[in-house]
Amino acid sequence: QVHVVDAGGGLVQTGGSLRLSCSAPGATKRSNTMAWFRQPPGKERIFVAGIAGDITFYADSVKGRFTISRDNANNTVYLQMNSLKPEDTAVYYCAVDRDLLVSRRPVAYEYWGQGTQVTVSA
């Protein structure tokens, strides 16, 4: 069992930045995959960014604005979010799979954090 803790959300103005963190002791290895998804109010959970080994992959809507990175020494994955827009408002979830995979499908991931709210004001 992997315990996933995501944090770092908050309220920010359009154009601002936030950094989310995801702690998953024992899972933040290069052989694992970690990803961020988000769920806007009343909508489905959708893929944002992922890191599998040294491979990073992003949703088109966040390319060039968001960066996912891994700190193996601290067992943490980060999502740096810049140039935030109101449409980025959502609950953001960290997801972990113990295999290497490049997947944008929520069902592919085994473990999930509790979610952290990101609100971008206009």
Per the rule of 0.36 nm per residue minus the C-alpha distance, extending ARG19 to SER83 adds in nm 21.9 nm
What is the magnitude of the charge dipole of the stretch 1-94 about its Cα centre, with +1 placed on the Cβ of each Lys and Arg, -1 on the Cβ of each Asp and Glu, and no other charges, expressed in debye to the nearest 20? 60
Work through the residues other than LEU84 whose Cβ is under 13 Å from its Cβ and net out their charges, Lys, Arg +1 and Asp, Glu -1. +2
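In nm², what is the average projected area of the convex hull enclosing the Cα atoms of the chain?
For the chain, averaging the hull's shadow over all directions gives 6.7 nm².
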Explain nothing, just the number: relative contact order of the stretch 3-122, from Cα pairs under 8 Å at least 6 residues apart, as a whole percent. 37
So, over other residues within a Cβ distance under 15 Å of ASP60, counting Lys, Arg +1 and Asp, Glu -1, the net charge is +3
Please work out the average accessible area per residue across the chain, using the 1.4 Å probe convention, and give it in Å². 49
Share of the chain's accessible area from carbon and sulfur, percent, 1.4 Å? 49
Label point at ARG98 placed 7 Å out along Cα→Cβ; residues across the stretch 1-21 whose backbone nitrogen lies under 17 Å: 1-5
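The values are calculated or read from the model by the stated rules, or taken from the named source; none is laboratory data. This one's a predicted model, so the numbers in the text were calculated from it and none came from an experiment. Positions of Cβ are generated from backbone atoms using ideal geometry, with glycine treated the same way; all protein chains shown enter the neighbour counts. Accessible surface areas use protein heavy atoms only, side chains included; no ligands, DNA or RNA. Shrake-Rupley method; radii C 1.70, N 1.55, O 1.52, S 1.80 Å.
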